[in-house]
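Working notes for the structure below.
The values are calculated or read from the model by the stated rules, or taken from the named source; none is laboratory data. Only a predicted model underlies this, so the values are computations on that prediction, with no experimental measurement involved. Cβ placement follows ideal geometry from the backbone for every residue including glycine, while neighbour counts extend to all protein chains displayed. Remember, those area values only see protein heavy atoms, side chains included, never the ligands or the DNA or RNA. Shrake-Rupley method; radii C 1.70, N 1.55, O 1.52, S 1.80 Å.
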Amino acid sequence: MERYYQPAIETASRDQLLAWQNERLVRQVQHVWDHVPYYRKKMEEKGVAPGEIQGVEDLHKLPFLTKDDLREAYTYGLLGMPLKDCTRIQSTSGTTGRRVVAFYTQHDIDLWEDCCARAIVAAGGTDEDVCHVSYGYGLFTGGPGLNGGSHKVGCLTLPLSSGNTDRQLQFMVDLGSTILCCTPSYAAYLAESIHERGLRDQIKLKAGIFGAEAWSEEMRRDIESKLGIKAYDIYGLTETSGPGVAFECSAQAGMHINEDHFIAEIIDPDTSEVLPEGSKGELVFTAITKQAFPLLRYRTRDICVLSRKPCACGRTHIKMSKPMGRSDDMLIVKGVNVFPSQIETVLLEQGYPANYQILVDRVNNSDTLEVMVEMTAENFSDNLGRITRMEQGLVTALKAMLGIYAKVRLVAPKTITRSEGKAVRVIDKRKI
Ligand code: DLL
């Protein structure tokens, strides 16, 4: 039972955590200095030597790493171990520029799977569970990460990967899946399919571990009520291993960061200044236990808030809020900052499903914002007058949330292409 709940680590005192972080950071900086010439050069340029990093309070002296560095150092430029000691790569789903490729030793995979195992246990998972993994397998970290975590917890692991909904549902019913791991948009799609096929009474799901993309509280409630489960958020990125960097516990209010492996900072994305706890800013991670891809002060571009307020679950590791957008893909429309999650919140509040697409364009030197939204089977109408009234209702609600006009186009159910991985929410034609 709960072999991977590690109270000694997850409920350690602040002093104990800091002691681990200090010791591991010092070791890691030396490791990087000795084995990663690309970062050593960056340290030299900043005039900092390993001896000056005595602990977490010196972290700010180290240079940042960004996705541009990863692209520049592609392929092997940030490798911290000889190739013969590396056993795996994973890669981002990025379609622009060169992909990010991350490397793992067997030790790195072990620690990554531990982090995912902690997430499964925090969602109530035990060796009695049947863990249905519908994240993509392959280069994407979702499938391999949760698969490994599930093995460690001792769950019966169903490596379904994404796609083939008929097969997903058949396995879910026949094998009695109790925990579902996939992107929230795929969970919403599976929930819709279960509802349509009248299978709700035949599924045994109790929890879902959903992440890899932004999802709102409204979407959580929607999935929870359709599937009769508790839905937990999980966060991570390829550069820091993958899922499991942070995960939600029973309190479902923020994700505990595995602080024995990652030191988190929040910075001002414009000035790079480190901000105090509780401030909203860009999340930066320093991996203190990874061998093959030991990124120090990596700028995630995810905007969030950190909190050390005591958690009802007893875990002491710092919590991050849901990412509130990215400092790089936040939309600026007519000079106004727009986060897709704000639009999603409005849609769900107004009783629409989370099947939508945001189209941004520029006509006559002026930005246009259009939101294409699917009607549900329940509120579907082909009465033009009624559709216009529904669209107007959404325009008003979006204006109140965003402060700008967004054209709304309601479309018939199932018009927008369904996603089996991360949903394509935004089409910004201005960049093309
Ligand atoms: O998405 C790793 C992952 C797999 C996380 C499965 C959770 C579950 P990447 O493809 O490298 O890795 O994308 C990382 O996705 O910087 C965030 O912007 C976003 N992201 C990840 N988790 C969440 C989440 C995986 N829970 C990027 N909420 C990150 C919002 C998330 N955004």
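Can you find a residue that is within 16 Å of the ligand (Cβ to nearest atom), open to solvent by 30 Å² or more (accessible area, probe 1.4 Å) and within 23 Å of Ile267 (Cα to Cα) anywhere in the range 39-47?
For the range 39-47, residues within 16 Å of the ligand (Cβ to nearest atom), open to solvent by 30 Å² or more (accessible area, probe 1.4 Å) and within 23 Å of Ile267 (Cα to Cα): absent.
Tell me which residues, restricted to the range 247-263, are within 12 Å of the ligand (Cβ to nearest atom) and in contact with a helix residue (DSSP H, G or I) (Cβ under 7 Å, 6 or more places away or on another chain).
Of everything in the range 247-263, those that are within 12 Å of the ligand (Cβ to nearest atom) and in contact with a helix residue (DSSP H, G or I) (Cβ under 7 Å, 6 or more places away or on another chain) turn out to be Phe247, Glu248.
Being under 19 Å from the mean Cα position of the chain (by Cα) and surrounded by fewer than 18 Cβ atoms within 10 Å (Cβ to Cβ): is that true of Lys334 here?
So Lys334 fails the test.
Looking at the range 32-51 only, could you name the residues that are assigned to a helix (DSSP H, G or I) and within 28 Å of the chain's Cα centre (by Cα)?
Val32, Tyr38, Tyr39
Out of the residues in the range 249-290 that are open to solvent by 10 Å² or more (accessible area, probe 1.4 Å), in contact with a Leu (Cβ under 9 Å, 6 or more places away or on another chain) and polar (S, T, N, Q), which is farthest from Leu18 (Cα to Cα)?
This residue is Ser279.
Given Ser216, Ser193, which one is under 26 Å from Pro340 (Cα atoms), within 12 Å of the ligand (Cβ to nearest atom) and either within 21 Å of the chain's Cα centre (by Cα) or open to solvent by less than 40 Å² (accessible area, probe 1.4 Å) (or both)?
Exactly one of Ser216, Ser193 is under 26 Å from Pro340 (Cα atoms), within 12 Å of the ligand (Cβ to nearest atom) and either within 21 Å of the chain's Cα centre (by Cα) or open to solvent by less than 40 Å² (accessible area, probe 1.4 Å) (or both), namely Ser216.
Can you find a residue in the range 119-133 that is aliphatic (A, V, I, L, M) and open to solvent by 30 Å² or more (accessible area, probe 1.4 Å)?
no
Which of (1) of a type in the set (A, V, I, L, M, F, W, C); (2) open to solvent by less than 50 Å² (accessible area, probe 1.4 Å); (3) within 16 Å of the ligand (Cβ to nearest atom) is the odd one out, the single condition Met324 does not satisfy?
(2)
Per-residue answers, yes or no, for (1) within 13 Å of the ligand (Cβ to nearest atom); (2) more than 28 Å from Thr11 (Cα to Cα):
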| position | (1), (2) |
| --- | --- |
| Gly198 | no, yes |
| Ile203 | no, yes |
| Ala207 | no, no |
| Phe210 | yes, no |
| Tyr235 | yes, no |
| Ser241 | yes, no |
| Val245 | yes, no |
| Glu265 | no, no |
| Glu273 | no, yes |
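Is it true that some residue in the range 168-182 is over 15 Å from Glu420 (Cα atoms), acidic (Asp, Glu), outside any loop (DSSP other than H, G, I, E, B) and out of contact with any Ser or Thr (no Cβ under 9 Å at 6 or more places or on another chain)?
Yes, there is a match, as at least one residue in the range 168-182 is over 15 Å from Glu420 (Cα atoms), acidic (Asp, Glu), outside any loop (DSSP other than H, G, I, E, B) and out of contact with any Ser or Thr (no Cβ under 9 Å at 6 or more places or on another chain).
Being of a type in the set (A, V, I, L, M) and closer than 18 Å to Glu239 by Cα is the filter here, so list the residues in the range 286-341 that pass it.
Ala287, Ile288, Ala292, Leu295, Leu296, Ile303, Met320
Of the residues Pro310, Pro294, which is free of Cβ contacts under 8 Å to residues at least 12 places away in the same chain and either open to solvent by 20 Å² or more (accessible area, probe 1.4 Å) or within 19 Å of Asp260 (Cα to Cα) (or both)?
That would be Pro310, the only listed residue that is free of Cβ contacts under 8 Å to residues at least 12 places away in the same chain and either open to solvent by 20 Å² or more (accessible area, probe 1.4 Å) or within 19 Å of Asp260 (Cα to Cα) (or both).
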